[in-house]
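**Q** Just dropping this structure here.
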Amino acid sequence: MKRFIGFLFILTLLYLPTFAQNNLQSINQSLRYSRYSRISLKVIPIETSDRTFKLQMLVEKIEDGANFDDYLFSYSIVNSFEQRIDDDNVIALDRDLLKKDTDSHFYFEETVEIPSSNDQAYVIFRATDTRQEDEYVYHADLISPFIAEQPSFGAYFGNDIPYDQNFLNAEESLLFKSEHSVSLYRYFYPQEFPIPLPPMETKSPEIAKETQVIDDGDFLVNVPVPFEKSGYYFVQEDTSSASGLMIKTAGKAFPKVSTWEEMIQMVAYISTRKEHETLLAAENKKIALDEYWIRMTRDEEAAKVLIKEYFRQVEFANILFTDYKEGWATDRGMVYIIMGPPQEVYFNLDKETWVYLAQDSNSKITFTFARVKNILTPQYYTLNRSRAYQPVWFKTITAWRNGRMVF
């Protein structure tokens, strides 16, 4: 029996992802944005004491009947995006380490301590689909220049699974847990934001001079807390600290689109200014939108297909890129909707890079998103705009308007 167990352990090591010559900045993380992923990974760090972190590593089961044995899970801690990842710092996560296995998630929880000599630390959570050798990767900052402090409390759904979404539907509740406090503080921001400028528009967008903040008072931990209004909340344990957790709330139908008014806002990316102004001014939004799609495609059946695909892209953008803005209205969401999922995605400390293969050529198109420090979210990115994007952007929009997708 001991020999058999030893054999299984060696076999697991042999089939763990090979990290030799790899580092975090060289890993292609495109599967985290794929429309056809079978699982979705997330890491939520909670600071339990100075330089000690509880890592909540979640695997959302997207495919029906997801089987744990179809995947190999592991994680690594590195002190830079350039540090080599090899077998010595890859820690396997087997079934015995599962904290929970629910209908919707596999959930691991590990505690790590970062040496005082390290001024940066990152966790890399990885899953290999052994059926197709697909590599799912998700990384998160533990200590970095873009994180002031990690929260020392966590948010959970009713089934005690950590809150791993980018949004919460209004009127839903979360339960908060903390080892240090009996209550937390909540602030509500009702602000709405304009949609992003096109990639080739280099002028700076207008920024609101004032932000409305509503103090929602404190609430007890370990008691379900409803989030009733659409906007975003910032929850803190210590109001004198920069540490906190942002909860973006949206309508009950989100991430799907539920109203004609929303649809009109979202077609701005493929519309001329005159077309969009006409739609905004229309009394009957539904009729105006129907006429818009049919006039654009000149084919009623083609219009139906295009509407379905366009708003499917919107839904994915909402799931993937929502921060304090809805995902479709972020820079990454805009590029994702028009260009589709990128073939390659690379991260560095201060940027995220998307690579597309150009249609009808061997050249590549690269979009670079600069990471901006923001206390509300550690994953706030803005597109590095350039007039050089104009030809490919107009070509792709023309394809959409002709009833075709380029991906």
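The values are calculated or read from the model by the stated rules, or taken from the named source; none is laboratory data. Please read these numbers as outputs of a predicted model, since none were measured by experiment. Don't worry about glycine lacking a Cβ; one is built from the backbone with ideal geometry, like all the others, and counts go over all protein chains shown. Each accessible area value is taken on the protein alone, full model and side chains, heavy atoms only, with ligands, DNA and RNA left out. Shrake-Rupley method; radii C 1.70, N 1.55, O 1.52, S 1.80 Å.
**Q** Of Asn166, Gly154, Leu184, which is farthest towards the positive pole of the range 80-201's charge dipole, taken about the Cα centre with +1 and -1 on the beta-carbons of Lys, Arg and Asp, Glu respectively?
**A** The residue sitting most towards the positive pole is Leu184.
**Q** Let me ask you something else. Normalise the Cα radius of gyration of the range 123-163 by 2.2 N^0.38 Å (N = residues in it) and let me know the number.
**A** So the Cα radius of gyration is 1.63 times the expected 2.2 N^0.38 Å.
**Q** Would you work out the Kirkwood radius for the range 62-138? I mean one over the mean of 1/r across all pairs of different Cα atoms, in Å.
**A** Kirkwood hydrodynamic radius for the range 62-138: 14.0 Å.
**Q** For the range 315-339 and the range 150-210, what is the centre-to-centre distance using only Cα atoms, to the nearest Å?
**A** If we compute the Cα centre of each part, the gap is 15 Å.
**Q** May I ask for the net charge around Ile294, where only other residues with Cβ less than 14 Å from the Cβ of Ile294 are counted and Lys, Arg are +1 while Asp, Glu are -1? Intermediate values should be presented prior to the final figure.
**A** Details: positive: Lys286, Arg295, Arg298, Lys304, Arg401; negative: Glu275, Asp290, Glu291, Asp299, Glu300, Glu301.
Net charge around Ile294: -1.
**Q** Taking the range 282-348 as the region of interest, what is the percent of Cα-Cα pairs per 5 angstrom bin, listed from the shortest bin to the one with the maximum distance?
**A** Over the range 282-348, the share of Cα pairs per 5 Å bin runs 4, 16, 18, 18, 18, 14, 6, 3, 2, 0 percent.
**Q** Take the alpha carbon atoms of the range 105-219, find their radius of gyration, then divide it by 2.2 N^0.38 Å using N residues; give the quotient.
**A** 1.45
**Q** Which ³J(HN,Hα) values in Hz, rounded to whole numbers, follow from the phi angles of the range 88-97 under the Karplus curve 6.51 cos²θ - 1.76 cosθ + 1.60, where θ = phi - 60° and Gly and Pro get x?
**A** Listing the rounded values in order: 5, 10, 9, 10, 6, 10, 9, 4, 5, 8 Hz.
**Q** Could you work out Rg/(2.2 N^0.38 Å) for the range 263-316, with Rg from alpha carbons only? Could the numbers behind the result be given before it?
**A** Values: Rg = 10.7 Å, N = 54, 2.2 N^0.38 = 10.0 Å.
Here the Cα radius of gyration is 1.07 times the empirical estimate.
**Q** Would you look at the GNM of the chain, springs on alpha carbons closer than 10 Å, and say which of Lys308, Lys274, Lys285 moves the most?
**A** Per the Cα network of the chain with a 10 Å cutoff, Lys274 tops the list.
**Q** Moving to a separate point now. Under 5 Å between amide hydrogens, which residues at least 5 positions from Arg84 or on another chain qualify, with H placed 1.01 Å from N in the peptide plane?
**A** For Arg84, whose amide H was placed from the backbone, there are no distant partners under 5 Å.
**Q** 222 nm [θ] for the chain, helices only, -39500 (n - 2.57) per DSSP H run of 4+, per residue, to 500?
**A** Counting only the DSSP helices, I get -6500 deg cm²/dmol.
**Q** Right, here's the next one. So what's the Cα pair-distance distribution over the range 169-261, bin width 5 Å, in %?
**A** Using 5 Å bins, I get a P(r) of 3, 11, 18, 20, 15, 14, 9, 6, 3, 1 for the range 169-261.
**Q** Using a Förster distance of 30 Å, how high is the FRET efficiency between Ser258 and Val223, based on the Cβ-Cβ distance and rounded to 0.05?
**A** So, using R0 = 30 Å, E works out to roughly 0.50.
**Q** Can you give me the long-range amide H partners of Ser183? Hydrogens built in the peptide plane at 1.01 Å from N, cutoff under 5 Å, separation of 5 or more residues or another chain.
**A** Here the answer is Val221, since their amide H atoms fall under 5 Å of that of Ser183.
**Q** Net charge within 14 Å of Arg371 by Cβ-Cβ distance, Lys/Arg positive one each and Asp/Glu negative one each, not counting Arg371 itself?
**A** Values: positive: Arg332, Lys351, Lys373; negative: Asp141, Asp323, Asp331, Asp350, Glu352.
Here the charged neighbours net out to -2.
**Q** Would you grab the residues whose amide H sits under 5 Å from the one on Ile62? Only those 5+ places off in sequence or on another chain, please, with H modelled 1.01 Å from N.
**A** For Ile62, the qualifying residues are Ile39, Ser40.
**Q** Moving on to the next point. Under 14 Å from the 7 Å Cα→Cβ point of Ile307, by amide nitrogen: which residues of the range 270-295?
**A** Under cut-off, by backbone N: 285-295.
**Q** After finding the eigenvalues of the alpha carbon gyration tensor for the range 238-397, what semi-axes result from the square roots of 5 times each, listed largest first in whole Å?
**A** 29, 23, 13
**Q** Whole-Hz Karplus ³J(HN,Hα) for the range 30-44, in order, using 6.51 cos²θ - 1.76 cosθ + 1.60 and θ = phi - 60°, x for Gly and Pro?
**A** 5, 5, 5, 10, 6, 7, 10, 5, 8, 9, 9, 9, 8, 10, 10
**Q** What is the percent carbon and sulfur in the accessible area of the range 153-283, measuring with a 1.4 Å probe over the protein chains and ignoring ligands? Walk me through the numbers on the way to the answer.
**A** Working: 3570 of 7220 Å².
In the range 153-283, the share of accessible area belonging to carbon and sulfur is 49 percent.
**Q** Quantify how much of the Cα-Cα distance distribution of the range 11-162 extends past 27 Å, in percent.
**A** 20
**Q** Now for a separate question. Would you mind computing, in nm to one decimal, how far apart the modelled labels at Ser181 and Met405 are, each placed 7 Å from Cα along Cα→Cβ?
**A** The two pseudo-label positions are separated by 4.3 nm.
**Q** Using a Gaussian network model on the chain with a 10 Å cutoff between Cα atoms, which of Pro162, Pro226, Pro196 fluctuates the most?
**A** Pro226
**Q** Now a separate question. To the nearest µm²/s, what D does Stokes-Einstein give for the chain at 25 °C and 0.890 mPa s, using the Kirkwood radius over alpha carbon pairs as Rh?
**A** 106
**Q** How large is ³J(HN,Hα) for each residue in the range 399-407, as worked out from phi by the Karplus curve 6.51 cos²θ - 1.76 cosθ + 1.60 (θ = phi - 60°), to whole Hz, x for Gly and Pro?
**A** Going residue by residue, I get 5, 4, 5, 8, x, 10, 10, 9, 9 Hz, with x marking Gly and Pro.
**Q** Between Gln343 and Asp69, what length in nm is gained on full extension when 0.36 nm per residue of separation is reduced by their alpha carbon distance?
**A** In short, 95.9 nm is gained.
**Q** May I ask you to compute the full-extension gain from Asp299 to Glu109, defined as 0.36 nm times their residue separation minus their alpha-carbon distance, rounded to one decimal in nm?
**A** 63.1 nm
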